[in-house]
1. Taking springs between alpha-carbon atoms closer than 10 angstrom, which of 52, 20, 35 fluctuates most in the Gaussian network model of the chain?
2. When the helix-only estimate is applied to the chain (DSSP H runs of n ≥ 4, each -39,500 (n - 2.57), divided by the residue count), what is the mean residue ellipticity at 222 nm, nearest 500 deg cm²/dmol?
3. Whole angstrom only: what separates the Cα centroid of region 139-205 from the Cα centroid of region 67-110?
4. What is the set of long-range amide H partners of residue 6 at a cut-off below 5 Å, with H atoms built 1.01 Å from backbone N?
5. Only four residue types carry charge here, +1 at the Cβ of Lys and Arg and -1 at the Cβ of Asp and Glu. Report the dipole size of the chain about the Cα centre in Debye, rounded to the nearest 20.
6. With +1 on each Lys and Arg Cβ and -1 on each Asp and Glu Cβ, and nothing else charged, work out how big the dipole of region 15-118 is about its Cα centre, in Debye to the nearest 20.
7. Which angle between 0 and 90 degrees, to the nearest 10, do you get for helix 68-78 versus the longest principal axis of the chain when only C-alpha atoms count?
8. Quick one: if you take sqrt(5λ) for each eigenvalue of the C-alpha gyration tensor of the chain, what semi-axes come out, biggest first, whole angstrom?
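Computed from the coordinates by the stated procedures, all read-outs in this text should not be read as laboratory data. Keep in mind the model is a prediction, meaning the values are calculated, not measured. Here the Cβ positions follow ideal geometry from the backbone for every residue, glycine too, while neighbour counts run over all protein chains shown.
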Amino acid sequence: MKVKKLNLFGASGHAKVVIDIITSNGFGLAYVFDDDKSIHKLLDYKVTTSYDSSLLKSYPLLVSIGDNVIRKEIALRTNINLSEALIHPSAIISSEAVLGKGTVVMPNVVINSGTRIGENCIINTSAVIEHDCIIKDYVHISPNAALAGGVKVREGSHVGIGANIIQFIEIGEWSNIGAGAVVVRNIPSHCTAVGIPAKPIKFHS
């Protein structure tokens, strides 16, 4: 039987975890690409730093970069043959949930009915996303974060480790929710919010 293979772009620590998920699914890894010519190897895999579009699109591609801004930049530059969502076998995903291309779902994640997750997101280890949430492109939901029903997280935002967001809250685009925060009010775009309850402490462009 022919083994499904994927390409990765990004030879970061996050890429090591993505490789674990690839192998846990019984898939193969064709190429690991990176622009940093000082990186030659990731785990047991050669890192390819000289490439063209034909090599990039030789297999479905995942952008294995943890930083949301850089992940978007690379995804837009290499969006030739984007992989379907990659899901660890231990994750529990409702049949009524929708996951966009390029999204990676880590071990022990729960995603419940009616939730829609965009492209190139990271749903990290043991995160819980309840029913009817909307997660836009390039979002990172960190380990052990919990989103109650009906939460909306706009493009590029990051929800920190162990953060909790109550039902029907909206997080603006490109914002950061601090580790352990409890979000009980809407959070505007382009800010960092921390604490219990979470409040914006700074804004950025």
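1. Ranking 52, 20, 35 by mean-square fluctuation puts 52 first.
2. Working: 3 runs with 27 residues, N = 205.
The per-residue figure over the chain is -3500 deg cm²/dmol.
3. Between the Cα centres of region 139-205 and region 67-110 lies a distance of 19 Å.
4. The answer is 28, 29, 30.
5. The calculated dipole for the chain is roughly 160 debye.
6. Computed about the Cα centre, the dipole is about 80 debye.
7. 40 degrees
8. 30, 19, 14
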